[in-house]
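Asker: Quick one: this structure, given as structure tokens, is what I'll be asking you about.
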Amino acid sequence: MRHIIFIIAAFFLLPLMVSAQQGQRGQGGQQGQGRQAGGQQEVVVTGKVADASDDSPLIGAHLSFVHIMDTTRTFHTTTEHDGSFSLKMARGQYTLKVSYVGFQTLVLEGEEAVRAIEEVNDLGTIYLAEGAYLDEVEVTGYRSAARLRGDTLDFDAQAFKVNPDASAEDLVRRMPGITVEGGRVQAQGEDVRRVLVDGREFFGEDPSIALRNLPAEVIERIEVYDRMSDQSELTGFDDGERSKTINIVTRLDTRSGQFGRFYSGYGGDDRYQAGIATNIFMNDSRLSIIGMSNNVNEQNFSREDILSLAGGAIRGGRSGGTGGGMGRTAQGGGAPGGAPTGHVTDFRVGTQYGDNTTHALGLNYSDIWLDNRLNFTGSYFFNIADNITDQFTDRQYFIDDNDSQYYLEDSESSSRNSNHRMNLRMTFDIDDKNSVIFTPRLTMQSNTADSYLEARNLFEGYNLSESFTGYDSDLSGYNFGSSMVYRYRFDKTGRTISANMGANFNNNETLYYLDALSEYFAGEGDPAAGEAALSDYLNQRSDSETINNTLSSNINYTEPLGERSMLQVSYNISRAANETDRITNSYDTLTGSYTGFEAELSNRLSSNYLTQRGAAGILFRGDNFNLTAELGYQHASLTADQVFPYEFDLQRSFQNFLPRVMLTYNIERGKSLRFNYRTSTSPPSVTQLQEVVDNSNPMLLSSGNPNLDHSYSHFFMTRYNATNTEKSTNFMAFFFGNIANDHIGNSTIIARQDTTLANGYQLRKGSQFSQPVNLDGYANIRSNLIYGFPVRAIRSNLNLSSGLGWVRTPGLINDRTNISNTYSASGGLILSSNISPNVDFSVSYNASYNIVENTLQPQLDNNYFQQTSGTRFSFIVFNNWVLRSDISHIMYRGLGDDFNQEFFLWNMNVGRKLFNNNLGEITLSVFDLLDQNRNIVRNVSDSYIEDLRTNQLTRFFMLTFTYNLRNFNMRQS
């Protein structure tokens, strides 16, 4: 506990100590920079800008440097009173754009591009010629919405019309190629992994936080690009690990001041919500505070805040295998969050079904110290979430060519989850040769839950078994991880050595009580068919602890091979040590306590997975392409030592070649092609190795498998992008594939009669037992086409999308191989208005058609269809009245008899702007006006198809007051 307190204290004391050493910071002389250099090989570029006619200095001329090979590196500055400038930037070749009001813009590119390769690079005097003066004319046209800078797509925020109180999320919805649906942000067909603000981290890596908590009016432009890993940005050698990133560039006149939103509301059925989202910007120093309290299913700020220890909320149907996961292929109704989507949706993430009450607080602080050499960002989250879920499950198992078995379950559960999460990121340029990136993180969680379920197994209409199960659990855990990247740059340009050191420590403790009564019935042909033949009663207590420790280090050395190529040699070593200890005892009526030791339900196991990998690669830069090729060799050893329920030692080694190829080809301006192929290995987890029976649902048993091997996967991706900034069109074609050998899937035994398992545990007739096994033949392939363009006739933007997918999942059912193939086709459109700040509407349509085929029972192949269409609008009338409406139509076909449904979800509200500046608003809202909201999900796995129906938030009214804070210090900005 003292170690945890020390870590927490260090998170908050470190920025205070550094700040104290800084003293007073000057207000002038700051040079703007779109994204931070972040430890690049820095050089200094100097020069002067003057009038070509009389050599007089041009004061305040703007200079923009864009790296030719990596346009994510952009540097900006303005000239001083004597026309001079001096700017630090990463070493490389740059396109330079110089502009000044009344003068012709000068662009130096191609052979005239700036070569910043020396320690100090003096460009001399840059002369600008006066522009031509024209008579006064009236110009009517469309503002250019986007421009392409290398591989970065740059959207001008002023070209998109949004409501005065719109958020950044409302803004990006209108941009071609960007979609936001159900808390999921996609750009150019890929999930956005990070959203930065002026090049800095903002509340960790959750893209929804920045988009929902920054007002659109403070945004100057939106940049969309693929961000390289920290080590790649430091060395310049692309390792292929990229993440789709949005960088929000704020307006210069809003970088000092306070802005945000406060709201509070109360409605029928004692529904309430209150929240705050405020930002205090003082140029480089920035503090953001967000908070909420509600019982209208507005959930937490981040997906990480929902406890993932062991799923304490719903047992039963969720058990049944620790191997490959299920594919959720259809869902609908209101999003799991479910609150009114027309207004005050700053925090909804949509992670928990059912009825949720959430209280949460988040803080984010960032600053730049030590003459722009130290960039600091830190964040803290706290939340308490209460959940109540009622769920019905209808599952069909594939047994053999002729038979199938049904599993029906009704469950009720309640849980309380609390979470503390801290993130920190520091980028420190020690000097011109040494730089460090340090990113520690800490999470502490606890969860209490209780559930009750009634379940039945049926075969050919006969009741095989019933179970009535109560389950109470108490879980707690912490996770501390850190990563440090160090780079040293030699005197020779391009020669670097870097090291990436990582550590992760995880500890989870679980205590649960199980109270279950199971009855097993005589089957067909038995004179007592349908009558209970056997009953089992379980009253158990289980106490377990799992400890995971991982240490890793990666060393890279780069050596230039001329001006166009670079060699990289790397070595990686990683060790994952895991321990698990589980003790299960039955209730002894004689002693009145849990003293009956259950050996087959207890386990003590430790495992180690050690990998060593050496690799050599070459990077070649052509005039319009980058090619990276690397070949690695990995030796891995897996050891395990189990003490009980029986002793065994496991020692296994693996040798693999790990090739990687990446090509980026710029066909012409605005058109590019990217191809990426890589391989990787994945070890089994300690839970998957732990051969101990999980009987939390006595009808769906599961266990680990100590004989698992690691899996070997091939990943390949191709993306073609064509952007026409003059016409504001964007076309993207995306193809992705994942093929795995020794995929960790599931082996399921569905007992046709009472069976004794290999570990001695009794499996009753009709019950299931699942265990992870290695299987070849897994594949996941998908493709997407996206086309976005403006519809000028109605001043709107239209995004069209289509996709095809194929998932091949192997599994074993009663020792027979079943291949589950799921084919999917999808299409959709989103039409977003761009008319005026007073008119905002969107029309959307999404449909998916799925074909499920199984080799064991082809007669049970299934086709199902889901369609969601809707329209959203917001009108400001009479200058201060606001009308908002959000109508969705959801339809299912091909699901179970009780799941084929069609309904409307209609949310609407009426608001009145208040005060002279219209910064306040009083709003009357109604959620689910027609009282039809549903939540339906279909899951497909290698051994079954299931449909789920979960309780959902339904109609309620609410009166809400909202105040928007806007207080900017333009002089200081």
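The values are calculated or read from the model by the stated rules, or taken from the named source; none is laboratory data. The model shown is predicted, which means the values in this text are computed figures rather than measured ones. Neighbour counts are summed over all protein chains in view; Cβ atoms, including those assigned to glycine, are modelled from backbone coordinates with ideal geometry. For the accessible areas, the whole protein counts, side chains as well, though only heavy atoms, and no ligand, DNA or RNA atoms are used. Shrake-Rupley method; radii C 1.70, N 1.55, O 1.52, S 1.80 Å.
Asker: If I compute log10 I(q)/I(0) by the Debye sum over Cα atoms at q = 0.06, 0.07, 0.08 Å⁻¹ from the structure I just sent, which labelled value in (1) -0.48, -0.66, -0.87; (2) -0.70, -0.86, -0.99; (3) -0.58, -0.74, -0.90 lines up?
Answerer: (1)
Asker: Express in Å², to the nearest 10, the accessible area of Met426 obtained by rolling a 1.4 Å probe over the protein heavy atoms while all chains stay in place.
Answerer: 30 Å²
Asker: Of all accessible surface on segment 146-254 at a 1.4 Å probe, what whole percent is carbon and sulfur? Before the final figure, lay out the partial values.
Answerer: Numbers: 1130 of 2720 Å².
It is 42 percent, rounded to a whole number.
Asker: Between Tyr266 and Phe915, what's the calculated FRET efficiency when r is the beta-carbon distance and R0 is 22 Å? Round to 0.05.
Answerer: Plugging the Cβ-Cβ distance into 1/(1 + (r/R0)^6) gives 0.55.
Asker: For segment 43-128, which whole percent of the accessible surface, found with a 1.4 angstrom probe, sits on carbon and sulfur atoms?
Answerer: 51 percent
Asker: Right, here's the next one. In whole Å, how far is the Cα centre of segment 575-635 from that of segment 874-931?
Answerer: If we compute the Cα centre of each part, the gap is 47 Å.
Asker: What accessible surface, in Å², does a 1.4 Å probe find on Arg792, ignoring ligands, DNA and RNA and rounding to the nearest 10?
Answerer: Rounded to the nearest 10, the figure is 90 Å².
Asker: Given only helices, namely DSSP H runs of n ≥ 4 each adding -39500 (n - 2.57), what is the per-residue ellipticity at 222 nm of the chain, to the nearest 500 deg cm²/dmol?
Answerer: Value at 222 nm, helices only, nearest 500: -1000 deg cm²/dmol.
Asker: So for Thr589, Thr855, Thr871, what's the accessible-area order with a 1.4 Å probe, most first?
Answerer: In descending accessible area the options line up as Thr589, Thr855, Thr871.
Asker: Please give, to one decimal in nm, the separation of the simple spin-label points placed at Leu959 and Thr125, each 7 Å out from Cα toward the Cβ.
Answerer: In this crude label model, Leu959 to Thr125 measures out at 7.2 nm.
Asker: How high is the FRET efficiency from Leu370 to Ser86, r the C-beta distance, R0 22 Å, rounded to 0.05?
Answerer: 0.80
Asker: With axes computed from alpha carbons, what is the tilt in degrees of helix 2-22 against the longest principal axis of the chain, rounded to the nearest 10 within 0 to 90?
Answerer: Computed tilt is about 10 degrees.
Asker: What's the longest bit of the chain with no exposed chymotrypsin sites (Phe, Trp or Tyr not before Pro), using DSSP loop states and at most 14 other Cβ atoms within 10 Å as the test? Walk me through the numbers on the way to the answer.
Answerer: Details: sites that count: Tyr133, Tyr142, Phe490, Tyr646, Phe878, Phe915.
That would be 143-489.
Asker: In addition: Take the Cβ-Cβ distance between Val436 and Asn504 as r, set R0 to 22 Å, and report the resulting FRET efficiency rounded to the nearest 0.05.
Answerer: For Val436 and Asn504, the calculated efficiency is 0.70.
Asker: A further question on this structure: Assign unit charges at the C-beta atoms only (+1 for Lys and Arg, -1 for Asp and Glu), then state the dipole size of segment 146-254 relative to its Cα centre in Debye, rounded to the nearest 20.
Answerer: On the way: 15 positive and 23 negative charges, 75 e Å.
With only Lys, Arg, Asp and Glu charged at Cβ, the dipole is about 360 debye.
Asker: With the Cα gyration tensor of segment 607-713 giving a ≥ b ≥ c as the square roots of its eigenvalues, does the rule (a/c under 1.5 for rounded; else a/b larger than b/c for prolate; else oblate) give rounded, prolate or oblate?
Answerer: oblate
Asker: Quick one: if you stick a label point 7 Å off each Cα along the C-beta vector at Phe675 and Glu454, how many nm between them?
Answerer: In this crude label model, Phe675 to Glu454 measures out at 6.0 nm.
Asker: From the Cα gyration tensor of segment 380-474, with a ≥ b ≥ c the square roots of its eigenvalues, which class applies: rounded if a/c is under 1.5, or else prolate if a/b is larger than b/c, or else oblate?
Answerer: Oblate, since a/c reaches 1.5 and b/c is not below a/b.
Asker: Does segment 429-588 classify as rounded, prolate or oblate by the C-alpha gyration tensor (a ≥ b ≥ c root eigenvalues; a/c under 1.5 gives rounded; else a/b over b/c gives prolate, otherwise oblate)?
Answerer: It comes out prolate by the Cα gyration axes.
Asker: Given an 8 Å cut-off on Cα distances and at least 6 residues of separation, report the relative contact order of the chain as a percent.
Answerer: Rounded, it is 10 percent for the chain.
Asker: Quantify, in whole percent, the carbon and sulfur part of the accessible surface of segment 494-627 (1.4 Å probe; protein heavy atoms only).
Answerer: Result for segment 494-627: 53 percent of the exposed heavy-atom area is carbon or sulfur.
Asker: Full-extension gain between Met891 and Leu567, please, as 0.36 nm times their residue separation minus the C-alpha to C-alpha distance. Write out the running numbers ahead of the final one.
Answerer: Working: separation 324, 0.36 × 324 = 116.64 nm, distance 5.53 nm.
Contour length minus the Cα-Cα distance gives 111.1 nm.
Asker: Can you tell me the accessible area per residue over the chain, all protein chains present, probe 1.4 angstrom, in square angstrom?
Answerer: Per-residue value: 42 Å².
Asker: If I model a spin label as a point 7 Å beyond the Cα along the Cα-Cβ vector, how far apart are those points for Thr755 and Leu663 in nm?
Answerer: The modelled label-to-label distance comes out at 4.9 nm.
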